[in-house]
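Just so you know, all these numbers are worked out from the coordinates, no wet-lab data involved. Since this is a predicted model, take the numbers as computed values, not measurements. All Cβ positions, even for glycine, are placed from backbone atoms using ideal geometry, and neighbour counts span all protein chains on display.
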Amino acid sequence: MTPQLLFFDIDGTLISWETRQVPDSTIQAIEAARANGHLVFVNTARTWASVQDAVKSIPFDGFVCGCSTYVTFHGNVVSHTGFTADQSARIIERMQVHKVEAFLEDDKDIYCKRPPLRVKAMDDYRLYYNSMGLCLQKFIGETPLTFDKFLYMTDDEAGSAALLRDLEDILEIYHIGPGVYECPPRGCTKSLGMKLLSDHLGIPLSDSWAFGDGVNDAEMLRDAGHGIAMGQHALALEAYADFVTDTVENHGIRNALLKGGLI
């Protein structure tokens, strides 16, 4: 088999929602795929700053982070894009008008309002980010900020809808859970990073494999040569999946690589 490009989502694909761990079988399978000459990449909505150390320690060839706002290969940045200063200021102003609290994310840090945050789920997530050393240095409204994407959880769908209407010309909008929205710049989908790396490496997308579980993985599975949905997955992926593998904790990645003849 000619060298293939393999792209893996993190949460629910590499890391189990149940155990919050990367199974040993997944790490061993990724190492075996590399040993067979394939190139392996993380493809995540997380920005580089919030990628877990457990994932960074796996010998990946590169990372597609923040819905393709930050793309690397062998430690070198292939592409980095985000909202402009004017767009960032506009987003923050509209958030203030519609009373939406959000996490503003880039490759170095994550920013929020000075705590506590009004929505409990947001404040809980802030504490999670704090445990990673994030959301501690700069705060929205206290210093000018530019960022690559944003994420928020809301209990006010009317305010959220108004915000997204005001900004729809500059956003990709992913409704990833009840009251949970993820918004990179327009055109920044997980598929974009695959195409950038395909061009950079001279390997056609027809020789790529994408593994995911969530709504924001749909374009990735659609545009890869082969799309694989995890055992627990969003229904939106089924239209694009070549097959459904097992869940993370039931060795879904290893079994998928074996079934695909990649290891």
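Determine, yes or no, whether Lys120 is loosely packed, with under 15 Cβ neighbours inside 10 Å and in contact with a helix residue (DSSP H, G or I) (Cβ under 7 Å, 6 or more places away or on another chain).
Details: loosely packed, with under 15 Cβ neighbours inside 10 Å: yes; in contact with a helix residue (DSSP H, G or I) (Cβ under 7 Å, 6 or more places away or on another chain): no.
Spelling it out, it is not the case that Lys120 is loosely packed, with under 15 Cβ neighbours inside 10 Å and in contact with a helix residue (DSSP H, G or I) (Cβ under 7 Å, 6 or more places away or on another chain).
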- Determine whether the range 75-91 contains at least one residue that is in contact with a His (Cβ under 8 Å, 6 or more places away or on another chain) and surrounded by fewer than 17 Cβ atoms within 10 Å (Cβ to Cβ). no
- List every residue pair whose Cβ atoms lie under 6 Å apart, where the two residues are 6 or more positions apart in sequence or sit on different chains, the first residue falls within the range 150-165 and is within 11 Å of Met95 (Cα to Cα), and the second residue, located anywhere, is in a helix (DSSP H, G or I). Gly159/His98; Ala162/His98; Leu163/Arg94; Leu163/His98
- strands (runs of 3 or more DSSP E) wholly inside the range 160-263 containing at least 1 residues that are under 14 Å from the mean Cα position of the chain (by Cα): 174-177, 180-183, 208-212
- Tally, over the range 92-112, of residues that are without any contact (Cβ under 8 Å) to a residue 40 or more places away in the chain and surrounded by 18 or more Cβ atoms within 10 Å (Cβ to Cβ): 2
- Query: Does Arg254 count as surrounded by fewer than 19 Cβ atoms within 10 Å (Cβ to Cβ), of a type in the set (D, E, K, R) and under 18 Å from Phe41 (Cβ atoms)?
  - Reply: no
- Could you grab me the full set of residues in the range 104-120 that are under 12 Å from Asn130 (Cβ atoms) and part of a strand (DSSP E or B)? Ile110, Cys112
- Task: Tell me which of these Met1 doesn't satisfy, since it passes every other one: (1) among the hydrophobic types (A, V, I, L, M, F, W, C); (2) more than 12 Å from the chain's Cα centre (by Cα); (3) buried (at least 20 other Cβ atoms within 10 Å of the Cβ); (4) farther than 30 Å from Lys113 by Cβ.
- Result: (3)
- Note on the structure: Residue hits (the range 123-143; crowded, with 19+ Cβ neighbours inside 10 Å and assigned to a helix (DSSP H, G or I)) are Tyr125, Arg126, Tyr129
